[in-house]
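Notes for the one structure printed next.
Throughout, read-outs are computed from the coordinates displayed, never taken from laboratory work. What you see is a predicted model; the values in this text were computed from it and never measured. For neighbour counting, all protein chains shown are included, and Cβ atoms are generated from backbone atoms with ideal geometry for every residue, glycine included.
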Amino acid sequence: MNFQIKETPEIFDVVIVGSGAGGGMAAYTLTKAGAKVCLLEAGSYYDPADPQYITQMKNPWESPRRGASSTRPFGDFDAAYGGWQIDGEPYSAVKGTEFHWFRSRMLGGRTNHWGRISLRFGPNDFKRGSLSGIGDDWPIGYDDLKPFYDKTDKLIGIFGSVENMYNEPDGIFLPPPPMRLHEHFIKKAGTNLKIPVIPSRLSILTKPINDERGSCFYCSQCSRGCNKYADFSSSSVLVIPAMKTGNLTLINHAMVREVLTDQATGLATGVSYVDTKTMAEVSVRAKRVVLGASACESARLLLNSKSARFPQGLANTSGVIGKYLNDSTGASRSGFVPSLMNRDRYNEDGVGGSHIYSPWWLDNNKLDFARGYHIEYGGGMGMPGYGFGMGMQGSNGKYPYPNGEKLPAGGYGSRLREDVNRFYGAHIGMAGRGEPIPLETNYCEIDPGKVDKYGIPTLRFHYKWSEHEIKQAKHMQDTFEELIIEMGGIPLGNKPGPETNYGLEAPGKIIHEVGTVRMGDNPNRSALNKYQQAHDVKNLFVVDAGPFVSQGDKNVTWTILASSMRTSEYIIDQVKANKI
Amino acid sequence: MKRRDLIKNITLTSVGLATAQVLPAQSENIAAGKPKKQKSNYGRTPDEVKRDEKLASDTFFTPGEMAVITRLCDIILPAEGSSPSAVQVGVPAFIEFIAKDMPYQQVPLRGGIMWLENYSRKLFGKSFVAITPANQITIVDAIAYPELATPAVSAGVAFFNLMRDLTLTGFYTTEAGFEDLGYVGNRPNNWEGPPAEVLKKFNF
């Protein structure tokens, strides 16, 4: 233990907190422009191409638990360290409310765990407030972000198809992979039901885009990180290239405690962090501070940066920091498709995710809930892992064998081999991901008297779904059942009803939380201006999803990337103009 | 490796060599034919290595309990044709690991074995592994079919369901399981959609 406070000798042009999508993009854009940048990451180093970290292409038997989720919440082979619970880093929720906070302590943060689903927000997603009378508009519109979505597409790479749907703007796409067999079934059912089913838009390289990254070899394992850098993760695509510029100082194991300010000028002067290996306190001085620590972590950091001049926390004159926390809704259902039994075998791994999805297709003015959702699909002849073959007694008594004979459910012996083989690849799943209403009453705040193992005050959450999200989940369940039946399938389990909020997942479980450090034109109602620059502190910026006023019915990573690039370019312009 | 060296090597590793580096380890395992004791060659963090080593060095089941598990695995998935049995590919050891790794499975497994032993003694006066194979099958038949079983043996049904689950998962996550299933993925390839004859069969 070392109680002496160390200070780095250098004054950096910019210090960035967090190496995920937002922090990584800022580090990339700023170092490429020649800025001397210090990037702080609370977790360890990680490079998906370095054998010591690789889980990709491993077989299930290389894990003694066959890939089960005992240590990593998405299984042994998932690339992301961390999870909803981290030793020594607690959080809490106000009684009667619930929030689950997923954190990934490693280079690249939560870009190491996601489906590479890379959707642009559409024009309407920036003005839901004025369109529906519920919620707020963004201070920017699609046209402000479009150039940065375009540049992100070209820099990182994304596949998809041009569809000309107004609120699902097309990007600059690589070719999408052809559909798997069950995806043909889903597409046909969707067409019959007038539900659009279009190629997914994933940041995976179906064609090479430069000499530094390979292209997809279809192992279906993006969630394990790609040793050829053929998908997007912040480490491989942004941070490691930023390091190659020679302008980046990356410090791992740096858990940031607070943003430091000059009490006379009110400007940010750097940050202080705890070195998690030695427990030493270190401060980094910089001319500008950029937070990309994740929505809740950036809010926590600002609320913890209290001083005489900023008694409510930094950049919080409005008192809005922590409020309007919102996560995607999520509900799912699975089904069994008898005509997919006894399938011919071939390698159906494909890319790491569904090759199709359904963007939101209805008009909320004609529905009893205010926001939409999209549907993600699963199925196919995937690699067995822990859980494979379980629950056989639930289906093997229902369907006759090829000789017409039926046997009682359950059993043992060689029939089980036949059962496993005939049912393989006949299950499908679907999951809705929807837009919630951001509410002032859903928030995170500093938990009075509680600290983590670094002595940093922790968060307490207060989050409840509104009727809009619950009714949206009900609509999802009705749609899932229609789709499964239309494919000739049998929905499995009981249809989730009101007793479970129609299967609506608890807040935080979908890991798409946004909104805790709002941007807006009115400094009394927002913490940041339309460039994600603090109203109160002009050399302080937030580049994660904290600034987002709402999250659309789209997964937010692509918007984090585009917004972070936009803010980074604004910083460069402001520096050139001698304004910050 | 120093960070600078690491960066120098990134282009090489990422574009050409990485896949080739991964594959030899895999083929070694395949050649060995069954799960091989190996030290964390699948991207573990230091904390994870510690936990796995601790679990591997602990013992949960007694030899008597392991004998029951082994016999049940053999009944649930015996060898067939050229495909080995669950016991031959090490499923009992996998179940022991799961009991240590997932403490919530410990009572259902240990309690289930106790229930089975007690039932065997009531019916045949001896431990399950000491009775004749025919008598073992009599007991298994009473608990292997949830919809036919009497309410009196519902605890046995739940235990047998759990054993069936773990045996199938344990077997199909081995190389022999992949072969029995005809799983031919987890290797570099070029995805061009399902084979034409498959699409034709379903009129796509």
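Return the inverse of the average 1/r over all pairs of distinct C-alpha atoms in the protein assembly as shown, which is the Kirkwood hydrodynamic radius, in Å to one decimal.
Evaluated over the protein assembly as shown, this radius sits at 27.8 Å.
Compare the peptides A:303-312, A:557-566 by average per-residue count of other Cβ atoms within 10 angstrom and give them in order, highest first.
Result, highest mean first: A:557-566, A:303-312.
Using a basic spin-label model with each label point 7 Å from the Cα along Cα→Cβ, how many nm lie between B:Thr138 and A:Thr191?
It works out to 6.0 nm between the two label points.
Select from the stretch A:195-295 those GluC sites (Glu not before Pro) which occupy a DSSP coil region and have at most 16 other Cβ atoms within 10 Å, ordered by residue number.
A:Glu212
Shape call for the stretch A:422-580 from the C-alpha gyration tensor, a ≥ b ≥ c root eigenvalues: rounded (a/c under 1.5), prolate (a/b greater than b/c) or oblate?
prolate
I need the per residue convex hull volume for the stretch A:185-296, using only the alpha carbons, in cubic angstrom as a whole number.
Expressed per residue, the convex hull around the Cα atoms of the stretch A:185-296 is 208 Å³.
For A:Lys450 paired with B:Ala130, estimate the spin-label separation in nm (one decimal), with each label point 7 Å from Cα along the Cα-to-Cβ line.
5.5 nm
In whole angstrom, note down how far apart the Cα centers of the stretch A:532-580 and the stretch A:14-88 are.
Rounded to whole Å, the Cα centres lie 23 Å apart.
Which lysines have a Cα less than 22 Å from the Cα of A:Lys471, not counting those fewer than 8 places away in the same chain?
A:Lys127, A:Lys194, A:Lys366, A:Lys495, A:Lys509, A:Lys554
Which trypsin sites (Lys or Arg not before Pro) in the stretch A:52-134 sit in a loop by DSSP (not H, G, I, E or B) and have at most 10 other Cβ atoms within 10 Å of their own Cβ?
Loop-located and lightly packed - A:Lys95.
Taking every eigenvalue of the Cα gyration tensor of the stretch A:301-402, multiplying by 5 and rooting it, what semi-axes result, largest first, whole Å?
Working from the Cα gyration tensor, I get semi-axes of 48, 21, 14 Å.
Just to confirm the filter: which GluC sites (Glu not before Pro) across the stretch B:163-204 are DSSP coil and have at most 13 other Cβ within 10 angstrom of their Cβ?
B:Glu192
If Lys and Arg each add +1 and Asp and Glu each add -1, what is the summed charge of the other residues whose beta carbon sits under 15 Å from the beta carbon of A:Ser414?
In short, -2.
Under a Cβ-only charge scheme (Lys and Arg +1, Asp and Glu -1), can you give me the dipole magnitude of the protein assembly as shown about the Cα centre, in debye to the nearest 20?
880 debye
Find, to one decimal place in angstroms, the Kirkwood hydrodynamic radius of the stretch A:355-456, where the mean of 1/r is taken over every pair of different Cα atoms and then inverted.
19.0 Å
Hey, if you drop one equal point scatterer on each alpha-carbon of the stretch A:524-580 and run the Debye formula without solvent, what base-10 log of I(q)/I(0) do you get at q = 0.14, 0.18, 0.30, 0.31 Å⁻¹?
-0.39, -0.62, -1.26, -1.30
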